[in-house]
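The values are calculated or read from the model by the stated rules, or taken from the named source; none is laboratory data. What you are looking at is a predicted structure, and each value in this text was computed from that prediction instead of being measured. Each accessible area value is taken on the protein alone, full model and side chains, heavy atoms only, with ligands, DNA and RNA left out. Shrake-Rupley method; radii C 1.70, N 1.55, O 1.52, S 1.80 Å.
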Amino acid sequence: MDSQVAVALALSLVGGVSTSIGALVVIVNQAPNLKMLGLLQGFAAGLMLSISFFDLAHNALNSLGFLKGNLWFFAGVIFFGIVASFIPEPTLAPTSDVKGKKKKGDEGGKDTLKKHRRQVLFSGIVTAVGISLHNFPEGMAVFLGSMKGLRVGINLALAIALHNIPEGVAVALPVYFATQSKWQAFKLATLSGFAEPLGVIIVAYLFPSSLSPEILEGLLGSVGGVMAFLTLHEMLPLAFDYAGQKQSVKAVFLGMAFMSASLYFLSISLPEDLSL
């Protein structure tokens, strides 16, 4: 058992570290301008929505039934809606106001830029939390796959690694823009990937002895609700403000299509009796 856990941990680290590769793609380039940041935030929002609706919520509905799956999903929405009402958020001035303030003086422009960066940083942290919650069950899948055989575990770990690279980009990009720190962007993206080996440890030593599969699926459905709420509440308004609604919506659907394709190729690498 211990050797199998060690193999699963090593394989999950391959997938987890791939978020660092996504972060490297971001930090080797210059920080984007506001319009490009808005488009990339829209793309990241598409990734998050696809994970939420087509992966986590979809699995909960299939496993628990329509009613229970929806109850778990909206429990996550309501819970984080309440939490968000207590989180102080920096006010975000429209882009047109930014130009006006810059004309009035450097001080107003600097204050506005600080507000933009605080809002973007909050969005980056939200993305990191969402990606971490998504990576957690992937670690579980790597462990269960490696239990079936090394070949299954390796194929699954490589598929997840490719799937995690754009997630690293989605986490690192807003953090890099907000902090201008390559190290902070790399660190947060890498930490979000470490949820994967954590999933291996949890499933190896706690599951299924202390957590029923039905409760686990329900909790993951709630995670889908949390991610959907945070995406629509935090990331989409930011993308609309910086890149405009029409361009941002295109970026959202591009992100959804990309993640859906990624989830498909990930699913076909799994054995028939194992699913994420």
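Note on the stretch 30-62: residues that are open to solvent by 40 Å² or more (accessible area, probe 1.4 Å), polar (S, T, N, Q) and either under 13 Å from G225 (Cα atoms) or not in a loop (DSSP other than H, G, I, E, B) (or both) amount to 1.
Residue-level analysis places G193 among those that are open to solvent by less than 10 Å² (accessible area, probe 1.4 Å) and at pLDDT 80 or above. Among the residues making up the stretch 114-145, a single one is open to solvent by 10 Å² or more (accessible area, probe 1.4 Å) and hydroxyl-bearing (S, T, Y): S132.
S20 - would you say it is of a type in the set (G, A, S), in a helix (DSSP H, G or I) and more than 13 Å from the chain's Cα centre (by Cα)? It is true that S20 is of a type in the set (G, A, S), in a helix (DSSP H, G or I) and more than 13 Å from the chain's Cα centre (by Cα).
Would you check if G65 is on the phi > 0 side of the Ramachandran plot and either open to solvent by less than 80 Å² (accessible area, probe 1.4 Å) or not β-branched (V, I, T) (or both)? It is true that G65 is on the phi > 0 side of the Ramachandran plot and either open to solvent by less than 80 Å² (accessible area, probe 1.4 Å) or not β-branched (V, I, T) (or both).
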